[in-house]
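Only one structure is covered here, and it is reproduced in the block below.
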Amino acid sequence: MAQINPSILSADFARLADEAEAVRGSDWLHVDVMDNHFVPNLTLGVPVVESLARATDIPLDLHLMIEDPDRWAPQYVEAGAGSVTFHVEAAAAPVRLAREIRAKGARASMALKPGTPIEPYEDLLPELDMVLIMTVEPGFGGQAFLDIMLPKIRRTRELIAKHDLELWLQVDGGVAASTIERCSEAGADVFVAGSAVYGAEDPAEAVRNLRGLAEKAAADAWWACGH
Ligand code: DX5
Ligand code: ZN
């Protein structure tokens, strides 16, 4: 079952509660936290996440593009996040951090920038609930999808199968009607979409359309056979 997570980075930040309502039926709301150090952009922090968690029933999928996630990630669980993704490039102790996120009651997830390979982290996978393969350089919405990430998505799905893990595989960046099928065929099952959802006339309809495309592509995919 494909999950679609609209990214509020492309929404109107002055109307976040309404913008969450506009994508009713989505599986998660993707919240990009940027600190202007790990990435050259700045968005929002713990207080906004606390307010948003109170304002919507849709669970929050936090994507922390920040330095020192070891210090901050647990605070986002306390703020009401259902899933917290940290970048492995920024984490000092990823296993300890994943365990702490889980112990506090959220799903733990690890993100990889386009230049970061998955193979060195094979042994960490059982500690995680999701892996995020970035399909653009993190920092901004509306960038072009990087096709060259498709083999990494495929290899990550192979590792998940090899270890027989219940691990979700998320893609983020340039995911749209024109690219989602390729991601799904390669092995992704959770899709972040910012401009493709909030740039559409009817965001909820865009979510349904993306979900339909992803599920159709997964139906015949090598990795989903028998699921
Ligand atoms: C980029 C963010 C994405 C962003 C995606 O660094 O992590 O979540 O919102 O935007 P689109 O879907 O427009 O590429
Ligand atoms: Zn993101």
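So that you can scan it fast, the table gives a plain yes or no per residue for (1) within 11 Å of ligand 1 (Cβ to nearest atom); (2) polar (S, T, N, Q); (3) under 17 Å from the mean Cα position of the chain (by Cα):
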{"residue": "Met1", "(1), (2), (3)": "no, no, yes"}
{"residue": "Leu16", "(1), (2), (3)": "no, no, no"}
{"residue": "Ala22", "(1), (2), (3)": "no, no, no"}
{"residue": "Ser26", "(1), (2), (3)": "no, yes, yes"}
{"residue": "Val31", "(1), (2), (3)": "yes, no, yes"}
{"residue": "Asn41", "(1), (2), (3)": "yes, yes, no"}
{"residue": "Leu52", "(1), (2), (3)": "no, no, no"}
{"residue": "Pro59", "(1), (2), (3)": "no, no, yes"}
If you go through the stretch 189-207 one residue at a time, do you hit one that is surrounded by 24 or more Cβ atoms within 10 Å (Cβ to Cβ), in contact (Cβ under 8 Å) with a residue 12 or more places away in the chain, in contact with a strand residue (DSSP E or B) (Cβ under 8 Å, 6 or more places away or on another chain) and farther than 19 Å from Leu9 by Cα? yes
Across the stretch 114-155, the tally of residues that are in a loop (DSSP other than H, G, I, E, B), within 16 Å of ligand 2 (Cβ to nearest atom) and surrounded by 15 or more Cβ atoms within 10 Å (Cβ to Cβ) stands at 11
Complete set of residues in the stretch 156-170 that are acidic (Asp, Glu) and either under 17 Å from the mean Cα position of the chain (by Cα) or within 14 Å of ligand 2 (Cβ to nearest atom) (or both): Glu166
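Which count do you get for residues in the stretch 11-33 that are part of a helix (DSSP H, G or I) and either modelled with pLDDT under 95 or surrounded by fewer than 19 Cβ atoms within 10 Å (Cβ to Cβ) (or both)?
6
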Just name the residue that is farthest from ligand 2 (Cβ to nearest atom) out of those in the stretch 171-188 that are in contact with a Lys or Arg (Cβ under 9 Å, 6 or more places away or on another chain) and in a loop (DSSP other than H, G, I, E, B). Gly187
Quick one: is Ala111 surrounded by 24 or more Cβ atoms within 10 Å (Cβ to Cβ) and within 14 Å of the chain's Cα centre (by Cα)? yes
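The values are calculated or read from the model by the stated rules, or taken from the named source; none is laboratory data. What you are looking at is a predicted structure, and each value in this text was computed from that prediction instead of being measured. Neighbour counts are summed over all protein chains in view; Cβ atoms, including those assigned to glycine, are modelled from backbone coordinates with ideal geometry.
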